[in-house]
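Notes follow once the structure below has been shown.
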Amino acid sequence: MSQQESTKIFVNSKPTVTLAKNPVFHDRSKHIDTHYHNIRECIARKDVHAEYVKSQDQVADIFTKPLKQEDFIKLKSFLGMINQF
């Protein structure tokens, strides 16, 4: 199947989004290995769209981190999960 629209990647770091979108190599980014710059090409082709999301709204954290109960409940609701009794 062909891809109709770009894949969204939600990132909780504004500098990362800026660096991924900016094709200019800066002194601070030259240490990043060349194969990691592939994301820039994907963004240029509009295969991928990097979007900033605040850390506390990063839904993937529910799968990767231990969370406080209120954070877990909030992220669970973002996923559309509900309690059924």
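Where a number appears in this text, it was derived from the coordinates with a stated rule and is not lab data. All figures in this text were calculated on a predicted structure; none of them were measured in a lab. Virtual Cβ from ideal backbone geometry, glycine too; neighbours counted across all protein chains shown.
Values as computed for the structure displayed
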| read-out | value |
| --- | --- |
| Straight-distance crosslink candidates among lysines, where the alpha carbon sits under 19 Å from residue 8 and sequence neighbours closer than 8 are dropped | 21, 46, 54 |
| Net charge, residue 74 excluded, C-beta distance under 10 Å - Lys, Arg +1, Asp, Glu -1 | -1 |
| Amide H within-cut-off set for residue 52, under 5 Å, with H built and near neighbours excluded | 11 |
| Extension gain (nm, one decimal) between residue 76 and residue 38, 0.36 nm per residue minus Cα-Cα | 10.5 nm |
